[in-house]
């Protein structure tokens, strides 16, 4: 990448889907990559045990349910968000972008920020707590106008 070109990546994510968009000509954005969680449309029973385990009472034959420590769907979403952060960390270290903007619902945004490494955090230009992962590229301008910068080729 030439020293005078600045690349801004905007990671739009939720707990199951993500895409990286970049500013394009005429106040538009263009998707350069997208990822979907492998567990996005699976039921909790498919992700782990659907029923809590059972335990016997030591004093009599009564049984009690053992509450699961984590919800399988929540754990899968957290794993996906950590995977996204790892991808952003690798790309930052490789110099693939100069500025990073994170756009995600509040819970995913928090997890993303927590999982980012030093290099990615140093390039963090902004965050937006909003779920716009299913918004088409042509409709992103209204949501992301504060983060649109003319691409280096058009400048």
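Odds and ends about this structure:
- Of the candidates 73, 99, the single residue that is at pLDDT 70 or above, under 20 Å from residue 144 (Cβ atoms) and either surrounded by 11 or more Cβ atoms within 10 Å (Cβ to Cβ) or touching a strand residue (DSSP E or B) at 6+ places or on another chain (Cβ under 9 Å) (or both) is 99.
- Per the conditions (1) surrounded by fewer than 16 Cβ atoms within 10 Å (Cβ to Cβ); (2) in contact (Cβ under 8 Å) with a residue 60 or more places away in the chain, the sole criterion not satisfied by residue 83 is (2).
The values are calculated or read from the model by the stated rules, or taken from the named source; none is laboratory data. What you are looking at is a predicted structure, and each value in this text was computed from that prediction instead of being measured. Note: ideal-geometry Cβ built from the backbone for every residue, glycine included; neighbour counts use all protein chains shown.
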